[in-house]
């Protein structure tokens, strides 16, 4: 009888143990849909920031991120077709239209850096020291100096077009104006090889500077602010998107730990951060 009682007690303990393990497994269970498609800008990729952040996110959450680095415009086109789960982009005017169209939800401010105009040290258009970016572009146009544009409907290209409009200049079709139709890293390389000017985000420039024959010649204009938001694709419009994964990534990007990493990213290598964390801030307060 004693043996039976001991066996019964042992079996009870085993059952309880199994239930505890099963419960713990449920608490820490990996997500059912593990893959997340992140459509983002080439600047976040070329600067090396995503190489730093994504492994941390994957280890922390169990998700696997497939990154597609294109221009902001192309990233949003993917979102409009339900071909991505979450976006990390920097084209504010286009982003607002994207949200208004019902394609995205929970647009959240993540970070900013700024745009700069770079060019050869010889500076044939004499733009160095000019405070206004629009005035710098006027000088480039008047000098018929080569300007290399991304021409890819990216956030950088959208900013560039806005600056040309502000300068009352239509560069398209001009011999001195060339479009690469490619990302920021490639466009910087073309500008360097051809000794031309281009508009770039500061982060990508600093990350690739050592391989370029380009210098910062125009900076500091308030019009050159470069703002990044994270946007989840609207699951009500595209039920097959990984809404939980998108939210997990979005939450991660605005979390304190990630914002702290962004705050110091690039400091050890370049002496200054490549991006400035902005989660919880208002856009109108940036750059002040």
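What 222 nm value per residue comes from the helices of the chain, counting each DSSP H run with n ≥ 4 as -39,500 (n - 2.57) and dividing by all residues, nearest 500 deg cm²/dmol?
-13000 deg cm²/dmol
Treating each Cα of the chain as an identical point scatterer and ignoring solvent, apply the Debye formula and state log10 I(q)/I(0) at q = 0.06 Å⁻¹.
With one equal scatterer per Cα and no solvent, log10 I(q)/I(0) is -0.25.
Between 0 and 90 degrees, rounded to the nearest ten: what's the tilt of helix 49-61 against the longest Cα principal axis of the chain?
Long axis of 49-61 versus the principal axis of the chain: about 10 degrees.
Just to be sure I understand: of the beta bridges DSSP finds with both ends in the chain, what percent are antiparallel, rounded to 5?
60
Which of rounded, prolate or oblate describes region 61-161 when judged by the alpha-carbon gyration tensor and an a/c cut-off of 1.5?
prolate
Please tell me the relative contact order of region 102-213 in percent, rounded to the nearest whole number, where contacts are Cα pairs under 8 Å and at least six residues apart.
The normalised contact order for region 102-213 reaches 36 percent.
Which order, highest average first, do 105-112, 189-196, 152-159 follow once you tally other Cβ atoms within 10 Å for each residue and take the mean per peptide?
152-159, 105-112, 189-196
Viscosity 1.567 mPa s, temperature 4 °C: Stokes-Einstein D of region 114-224 from its Kirkwood Cα radius, in µm² per second? Let's see the in-between values first.
Details: Rh = 13.4 Å.
Diffusion coefficient, whole number: 97 µm²/s.
Every read-out reported here was derived from the displayed coordinates using simple, explicitly stated rules and does not represent laboratory data. Bear in mind that the values here come from a model prediction, so they are computed numbers and not experimental data. Every residue, glycine among them, receives a Cβ derived from its backbone with ideal geometry; neighbour counts consider all protein chains shown.
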